[in-house]
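The values are calculated or read from the model by the stated rules, or taken from the named source; none is laboratory data. Nothing here was measured: the structure is a model prediction, and the numbers come from that model. No Cβ is skipped: glycine too gets one built from the backbone with ideal geometry, and neighbour counts run over all protein chains shown.
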């Protein structure tokens, strides 16, 4: 069943992208002429998402002005102008703007290209894979060799049955977290109203055997520094049809 609600985490300061982010919020930095957040929102819209919360803080007025021009998905703003809430606190606050139930979560600066036309997209596959009876969260994961701009760190090990555990040297099947989650918003019903890191919920799910992963198809990229912009643009050219 498709998931039609989503949240995009977009409130960060983008300090490693300075001086670009001295005058521009990181999600609006253009890659091949297109703001990063539009890659993310286009992926969500193509997967059937009709409503998405976006949290804002750094140059929030610019973010709101840009997002107001989008037709799909319909955008709701979670305002963090007063204080950043970190990944977990921002997600918990933003989810209150949506109905309870399944939701896709993405980071505004992590996206991918190279999906096969005519087949279910990565987000559609993730939504279909998520089983709330067995899972707290399903994370989209990617092999390190299928990334551009990443620092080389492996986040998890993916077992044959799909469960994730924190990566340690020597563990089999290391993967990178690709910044997309399928979950039920009620998982964060007990979340504090203060800032906290979402890793707390990853670790809780691991302890219960309820954190699962699905491998991304295509090529994933992150843009954390000015130098990474050219690398991402080169990857987009390589994976663009006819490129």
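Cβ separations smaller than 7 Å between residues 6+ apart or across chains give the following pairs from segment 148-172 residues that are on the phi < 0 side of the Ramachandran plot to residues that are modelled with pLDDT under 80 and exposed (fewer than 14 other Cβ atoms within 10 Å of the Cβ): 157/172. Every condition in (1) outside any helix (DSSP H, G or I); (2) in contact with a helix residue (DSSP H, G or I) (Cβ under 6 Å, 6 or more places away or on another chain) is met by residue 92 except one, and the failing one is (1). The single residue among 13, 98, 24, 41 that is assigned to a loop (DSSP other than H, G, I, E, B) and at pLDDT 95 or above turns out to be 98. Once segment 49-80 is narrowed to residues that are in a loop (DSSP other than H, G, I, E, B) and under 16 Å from the mean Cα position of the chain (by Cα), the residue that is farthest from residue 21 (Cα to Cα) is 49.
Name the pairs: first residue in segment 86-111 and over 17 Å from residue 179 (Cα atoms), second residue part of a loop (DSSP other than H, G, I, E, B) and at pLDDT below 95, Cβ to Cβ under 6 Å, at least 6 apart or on different chains? Taking only residues 6 or more apart or on different chains, the pairs are 93/85. Given the residues 89, 114, which is the only one that is surrounded by fewer than 20 Cβ atoms within 10 Å (Cβ to Cβ) and at pLDDT below 95? It is 114.
Residue 109 falls short on exactly one of the conditions (1) surrounded by 24 or more Cβ atoms within 10 Å (Cβ to Cβ); (2) modelled with pLDDT of 95 or more; (3) within 23 Å of residue 201 (Cα to Cα); (4) in contact with a helix residue (DSSP H, G or I) (Cβ under 7 Å, 6 or more places away or on another chain), and that condition is (2).
Within segment 1-17, the set of residues being more than 30 Å from residue 100 (Cα to Cα) and touching a helix residue (DSSP H, G or I) at 6+ places or on another chain (Cβ under 8 Å) comprises 14, 15, 17. Tell me, yes or no, whether segment 120-141 has at least one residue that is surrounded by fewer than 22 Cβ atoms within 10 Å (Cβ to Cβ), in a strand (DSSP E or B) and in contact with a helix residue (DSSP H, G or I) (Cβ under 7 Å, 6 or more places away or on another chain). No, segment 120-141 contains no residue that is surrounded by fewer than 22 Cβ atoms within 10 Å (Cβ to Cβ), in a strand (DSSP E or B) and in contact with a helix residue (DSSP H, G or I) (Cβ under 7 Å, 6 or more places away or on another chain). Restricting the first member to segment 222-236 and to residues that are farther than 17 Å from residue 40 by Cβ, and the second to residues that are assigned to a helix (DSSP H, G or I) and at pLDDT 95 or above, no beta-carbon pair is closer than 7 Å while six or more apart or on different chains.
Scanning segment 15-47 for residues that are buried (at least 24 other Cβ atoms within 10 Å of the Cβ) and either over 16 Å from residue 72 (Cβ atoms) or free of Cβ contacts under 8 Å to residues at least 60 places away in the same chain (or both) gives 25, 26, 27, 36, 41.
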